[in-house]
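Nothing in this text is a laboratory measurement; each read-out follows from the coordinates by a stated rule. The model shown is predicted, which means the values in this text are computed figures rather than measured ones.
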Amino acid sequence: MIKAKVKAKESAKPVANSKEEKTKAKKVEAKPAKKETAKNQLDYAEPAKPKAKHKDISPDVTIEERLKALFNLQQIDTAIDKIRIVRGELPLEVQDLEDEIVGLETRVKNYTDEVNVFEDTIVQKKQQMKDSLALIKKYEEQQNKVRNNREFDSLTKEIEFQNLEIQLSEKRIKEAKANIAAKNEFVEKAQTELDDRKADLKHKKAELDDIIKETEKEEKSLVKESVKAEEVMDERLLTAYKRLRSNARNGLAVVNISRDACGGCFNNIPPQRQMDIRMRKKIIVCEYCGRILVDQELAGIEVVEEEA
Ligand SMILES: [Zn+2]
């Protein structure tokens, strides 16, 4: 890909001690450094140490090469981001489904418990009715053996009371049956929903497993590529890139010009700055969002919609 070709164009600069010297060093790389544009450049000075650390690549790598390396790294990192986003949402969906299933299971259990209570009530009331009928039979037999009206009337009252008890039990049984029917309908509904969710979960889990398996491989190779791409960049530029990336919501630190605007924040870029960007002599950042800007050609985009 991008190799650190040594071009005699830019010679190593002396160590910049004062701020003034640093500014000078920056100006050396490109002549037109107007003060106005200087502030739109990335706060990035060329690695000036004569003895570079192993991570610092030769200062003779051109700005264009650095921009290409940056753009390449951004492409790789964006691909990694996309994988992580896709994978990141699925476990949440699975978790949501699992929670929903637990809720539905609780609901089904509660309904079933209630149905059981009503069924117990029916059994109990049926027994009470039997008892009442037995009592009535007993009282009627006793009425045949009574010696006076008072005893007869007293038994009649008992019989009436038991008949009322039977009616009440019948009413309670009827109510319980209606309740059971209603609850069973709920149970059925919840059960159907539960079965559906369980099928969904099975499906989602399989999908998640597949994606994890699939993307892990892809991610690993991308991360390898990313590390390799980072190797052709010096520490300071890489640090700037990483800081930009972590600050940007979409992880974009390097963007191309798109429809005369910054591809990151969509603010307009004046024609003069667009031209500077196309020159690839300076690392130019968006004055609004601070992202590093590259021209469309460098980004591998065919320049056709340049009419309006
Ligand atoms: Zn911007």
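Normalised by residue count, the range 87-222 yields a Cα convex hull volume of 82 Å³ per residue.
Quick one: which residues, 5 or more positions from Ala261 or on another chain, have an amide H under 5 Å from its amide H? H modelled 1.01 Å from N in the peptide plane, none for Pro or chain starts. Distant-sequence amide H within range of Ala261: Ile269. If you look at the Cα atoms of the range 241-308, you get an Rg and a Dmax of 11.5, 35 Å.
Longer than 22 Å from Cα to Cα, which of Lys224/Lys282; Lys228/Lys282; Lys126/Lys189; Lys82/Lys242; Lys68/Lys281 are they? Say none if no pair is. Result: Lys224/Lys282; Lys228/Lys282; Lys126/Lys189 exceed 22 Å. The separation of the range 225-299 from the range 110-169, counted between C-alpha centres, amounts to 91 Å.
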